[in-house]
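Asker: This is the structure I have questions about; it appears just below.
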Amino acid sequence: MRRLAILGASGHGKVVADTAECCGWNSINFFDDAWPEVQVNDVWPVVGNTTGLLEQLPQYDGFIVAIGSNRIRLEKLLQLRAAGGRMATLVHPAATVSRYANIEEGTVIFAGAVVNASTHIKLGSILNTACSVDHDCVIGRAVHISPGARLAGGVHIGDESWVGIGASVRQLVAIGQRVMVGAGAAVVGDIPDDVMVAGVPAKRLR
């Protein structure tokens, strides 16, 4: 039996758990800081909070952090890894990932996603349903590529950035750290750190 702990009993967590089952994890428990008020996440039990998970880490073959906030997800991943936890990586069997892509631990890749050759996905990123990441991209730590987003070849994205649902990024564009790209945006030029962009073409909002 392979036991997986998931921190974050959310809607996103449900998709993570479903993906984990498709990957052969057959015993899944959630942990969430809303416990004990929250006892279940759909069909999966919520059995403790972050403190409880830290205490029970040796009982699990792996853990995943299913928290949407990129900053918090990275903090929790590093905290649990430092405590000796074994960070899992989940790639849905209906995703298409090149054998020549480098996928770091803590990453989740959902159904329909495509990752092409020579791409590097760093720790704790989310490649959501039916997104595509083309050749030679570099995706930083705790990045979220939303459903249906499209990255052309050679795109670089900094840590903790978020590419919104249905957005597109032109080839060779560099997006900084902690950037928010709005839904449906078309990014055709480089984006600095700590800004929000939206529109076609994407323009800075703040």
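Asker: Would you calculate the separation in nanometres between label points at residue 33 and residue 194, each defined as 7 Å from the Cα along the Cα-to-beta-carbon direction?
Answerer: Here the answer is 2.3 nm between the modelled labels.
Asker: Testing the spin-label approximation: label points 7 Å from Cα along Cα→Cβ at residue 105 and residue 61. State their distance in nm.
Answerer: Distance between label points: 1.6 nm.
Asker: For the chain, find the longest principal axis of its Cα atoms and tell me its angle to the long axis of helix 11-22, 0 to 90°, nearest 10.
Answerer: Around 70 degrees separate the two axes.
Asker: Tell me whether segment 65-155 comes out rounded, prolate or oblate; compute the Cα gyration tensor, take square roots of the eigenvalues as a ≥ b ≥ c, and use a/c under 1.5 as the rounded threshold.
Answerer: prolate
Asker: Per residue, what volume in Å³ does the Cα convex hull of the chain take up?
Answerer: 105 Å³
Asker: Using 0.36 nm per residue of separation minus the Cα-Cα distance, give me the extension gain between residue 94 and residue 21 in nm, one decimal.
Answerer: Computed gain between residue 94 and residue 21 is 25.0 nm.
Asker: Let me ask something else about it. So what's the net charge close to residue 137: Lys and Arg +1, Asp and Glu -1, counting the other residues with Cβ under 13 Å from its Cβ?
Answerer: Net of charged neighbours comes to +1.
Asker: Out of the trypsin sites (Lys or Arg not before Pro) in segment 48-141, which ones are loop residues according to DSSP with at most 16 other C-beta atoms within 10 Å?
Answerer: Sparse-neighbourhood loop trypsin sites (Lys or Arg not before Pro): 86, 99.
Asker: If you don't mind, there's one more thing I want to ask. Do any chymotrypsin sites (Phe, Trp or Tyr not before Pro) in segment 29-103 lie in a loop, going by DSSP, with at most 15 other beta-carbon atoms within 10 Å of their beta carbon, and if so which?
Answerer: 100
Asker: I've got another one for you. What full-extension length gain, to one decimal in nm, is calculated for residue 205 and residue 2 as 0.36 nm per residue of separation minus the Cα-Cα distance?
Answerer: In short, 68.5 nm is gained.
Asker: Report, to the nearest 10°, how far helix 70-82 tilts away from the longest principal axis of the Cα atoms in the chain, using its own Cα long axis and a range of 0 to 90°.
Answerer: Helix 70-82 sits at roughly 50 degrees to that axis.
Each reported figure results from applying straightforward, stated rules to the coordinates on display, with no laboratory input. Predicted, not measured: the structure shown is a model, and the values here were computed from it. Virtual Cβ from ideal backbone geometry, glycine too; neighbours counted across all protein chains shown.
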